1. If I ask for residues that are more than 25 Å from A:Leu298 (Cβ to Cβ) and either part of a helix (DSSP H, G or I) or at the interface with chain A (Cβ under 7 Å from one of its Cβ atoms) (or both), which ones from segment B:134-164 would you list?
2. Since A:Ile343 meets every condition but one in (1) facing chain B (nearest Cβ under 10 Å); (2) assigned to a helix (DSSP H, G or I); (3) open to solvent by 10 Å² or more (accessible area, probe 1.4 Å), which condition does it not meet?
3. Based on this model, can you work out whether B:Val104 counts as of a type in the set (A, V, I, L, M) and modelled with pLDDT of 90 or more?
4. Scan segment B:117-133 residue by residue and report those that are within 12 Å of chain A (Cβ to nearest Cβ) and among the hydrophobic types (A, V, I, L, M, F, W, C).
5. Condition first: buried (at least 22 other Cβ atoms within 10 Å of the Cβ) and within 15 Å of the chain's Cα centre (by Cα). Can you find one or more residues in segment B:241-248 that meet it?
6. Quick one: is A:Gly134 under 22 Å from A:Ala232 (Cβ atoms), touching a Ser or Thr at 6+ places or on another chain (Cβ under 6 Å), open to solvent by less than 10 Å² (accessible area, probe 1.4 Å) and at pLDDT 90 or above?
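The values are calculated or read from the model by the stated rules, or taken from the named source; none is laboratory data. All values reported here derive from a predicted model rather than from experimental measurement. Methodologically, a virtual Cβ is constructed for each residue, glycine included, from the backbone with ideal geometry; neighbour enumeration extends over all protein chains shown. Keep in mind that these areas ignore ligands, DNA and RNA; they rest on the heavy atoms of the full protein, side chains included. Shrake-Rupley method; radii C 1.70, N 1.55, O 1.52, S 1.80 Å.
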Amino acid sequence: MAFEPSPADSSARMSAGVMAGQAARGVAGIARFVLVVAATFLGLLAITFFIGRVVPIDPVLAVVGDRATAAVYEAARERMGLDRPLLVQFFSYVGDVLTGNLGQSISTGRAVVDDLGRFFPATLEMATVGILIGVALGVPMGVTAARRQGSWADQVIRVLGLLGYSVPAFWLGLVGLAVFYAGLGWVAGPGRIDIFYEGLVEPVTGIYLIDSLMAGEWEVFWNAASHLLLPASILGFFSLAYIARMTRSFMLDQLSQEYVTTARVKGVPERRVIWRHAFYPIRIQLITVIGLSYASLLEGSVMIETVFSWPGIGRYLTVALLNADMNAVLGATLVIGSVFILINKVSDVLYRILDPRARR
Amino acid sequence: MSAVRDWLLDDSPSSRLQASLGRAWRSFSALMRNPLAVAGALIIVVLIVMAVFAPWIAPHSAIGQDLANRLAPPSALHWMGTDELGRDIFSRVVYGSRITLMIVTMVAVISAPIGLLVGAVSGYFGGWTDRVLMGVTDIFLSMPKLILALAFVAALGPGIENAIIAIAITAWPVYARIARAETITFRDSEFIAAVQLQGASSVRVILRHVLPLCASSTIIRVTLDMAGIILTAAGLGFLGLGAQPPLPEWGAMISSGRNFILDQWWVATMPGFAIIAVSLGFCFLGDGLRDVLDPKQRDGR
């Protein structure tokens, strides 16, 4: 599926990323990391600013109407600050974003920041459960595939991996709804929770599973869980496909190493060879893979949320897109983009800190 | 036939044409020995044939409505059933192949040259040029592609051309990275120095001697990316931001079948199978191409 990092991306990031040096260079490394992240955020802001400017709708016309005289139009333009040089406008935009001012949404009538704050926990909940499913199934599958290279299990995992590249997420969501909700009745339908459970639990974190547990409302918990199961599993499938494939290729690398052969010759039990000798060194690479996969799930949730009417940022974004609600679109783009960048960069730097080979 | 083969496989080719044809033949026959790659190539050939001969292959019109025959299940007359306006879904899928083929071709034609050029210039000149260009490339690489494409389409307005532009804008950085990595490996080699000493300008060196060597890895990458491009385009169509009705775009068709998914499942599912088949085809072919053209990276994925 489109929302997974490609091998080229990750290698690209590794070469361009931060070099967390040895202790002496540690401070410089941190400074560079901060600089790179800041530059990337500035790039994101520049892109959203540019997108905001190329919108064919003239923001002044939207305020004064198309009957206004030239003098009125000019006055409004000045008041909105659109007569200033582009660079000045950009810096005032950066200032606005940093102080949390993303403008009003025309469709909800509230400040975009407040909207995003309300919708974000739903996305976080779904993506997190999705990545948990992906890791819990993907890692053992990848290890199995590498152990029995060429066996039917390996083939099945290979096909799953390729399907992860070629199945549209929204299509899988629709088919999932038709089969598991309408056909078999195993899961609840679209939405986060049934209407009669709504508002029963005080929103503390905004994550229904946690809120209902804290309130001790088991019925609400199970209802929320049965709504969450299908969309999270579908997201999990895409991360599973990626994680299993990467685990397999890392494991194959390790299993062909001489120290693994040595361990086997010495008579170490196969289980121990696999999990202790071969798997142990790749856990750091896996952290990076899981981090990248998590970030792309946040992105992928846009489609899934639309299909499942899941009130998260992704759905907020698509609704805003259809209403040409640019403040909301750019705000949601900024939030998803920032989280995406942050997870990417942090998993990159974690890799460098944890892996002794990358410290050089 | 065997004379032609011997000529192609001659160890000491007597002309440049013979050498390059021979190389192409060797790659081709290596590709044909890989069953998945053959399957992938077949799927793509079918896609192209469907797109070119759509009016002859499709049994019905792609937009002609038949309201008396709405939402008919798959039958001998309508192989994939009919949609909410009585249009034959199989015919629409056949015509939709034209749109899909056009989108992937256009995105590849726009984004691959941009990426190649940025990467080659960056790798060839090095220094500050490299730092600035790669800085920009890395910023684009760190962005979520789908979200960025969505935002661009929102700004440019819905439509197939704008969807193509938006996808191309998000696709080029990968090729820039690849081209730069390739360029650096042979930037200081003798054949480049020889051309430079003959007085060739930088433009000539890059266009005639650097870019051709970056081509094979870029072709592999573009083929592997095709699946992603198809899915993004279908996703934009699904959200109503790509091809507009009544165009038979596969993603938009799934979107219109959404309301009937519980009872008339075929409306939304059939175009999905087409998307999966074509995406898988490009994945298979890309994997096969990589094994043939770039044996270093085997098992990389």
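1. In the first step, residues of segment B:134-164 are kept if they are more than 25 Å from A:Leu298 (Cβ to Cβ); the result is B:134, B:157, B:159-161, B:164.
B:Met134, B:Gly157, B:Ile160, B:Glu161, B:Ile164, listed by residue number.
2. Among (1) facing chain B (nearest Cβ under 10 Å); (2) assigned to a helix (DSSP H, G or I); (3) open to solvent by 10 Å² or more (accessible area, probe 1.4 Å), the lone unmet condition for A:Ile343 is (1).
3. Numbers: of a type in the set (A, V, I, L, M): yes; modelled with pLDDT of 90 or more: yes.
The answer is yes for B:Val104.
4. To start, the set of residues in segment B:117-133 that are within 12 Å of chain A (Cβ to nearest Cβ) comprises B:119, B:122, B:130-133.
Passing the criteria: B:Val132, B:Leu133.
5. Step one: of segment B:241-248, the residues buried (at least 22 other Cβ atoms within 10 Å of the Cβ) are B:241-243, B:248.
Now restrict to residues that are within 15 Å of the chain's Cα centre (by Cα): none.
Within segment B:241-248, not a single residue is buried (at least 22 other Cβ atoms within 10 Å of the Cβ) and within 15 Å of the chain's Cα centre (by Cα).
6. Details: under 22 Å from A:Ala232 (Cβ atoms): yes; touching a Ser or Thr at 6+ places or on another chain (Cβ under 6 Å): yes; open to solvent by less than 10 Å² (accessible area, probe 1.4 Å): yes; at pLDDT 90 or above: yes.
For A:Gly134, the condition - under 22 Å from A:Ala232 (Cβ atoms), touching a Ser or Thr at 6+ places or on another chain (Cβ under 6 Å), open to solvent by less than 10 Å² (accessible area, probe 1.4 Å) and at pLDDT 90 or above - is met.
Each row is one residue, and each column tells you yes or no for (1) touching a Pro at 6+ places or on another chain (Cβ under 9 Å); (2) within 14 Å of another protein chain (Cβ to nearest Cβ); (3) under 21 Å from A:Leu298 (Cα atoms).
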| position | (1), (2), (3) |
| --- | --- |
| A:Gly138 | no, no, yes |
| A:Met141 | no, no, no |
| A:Ala145 | no, yes, no |
| A:Arg148 | no, no, no |
| A:Leu163 | no, yes, yes |
| A:Tyr181 | yes, yes, no |
| A:Trp218 | no, no, no |
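Here's the yes/no breakdown for (1) among the hydrophobic types (A, V, I, L, M, F, W, C); (2) within 12 Å of chain B (Cβ to nearest Cβ); (3) outside any helix (DSSP H, G or I):
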position	(1), (2), (3)
A:Gly267	no, no, yes
A:Gln285	no, no, no
A:Val289	yes, no, no
A:Ser296	no, yes, no
A:Pro311	no, no, yes
A:Leu350	yes, no, no
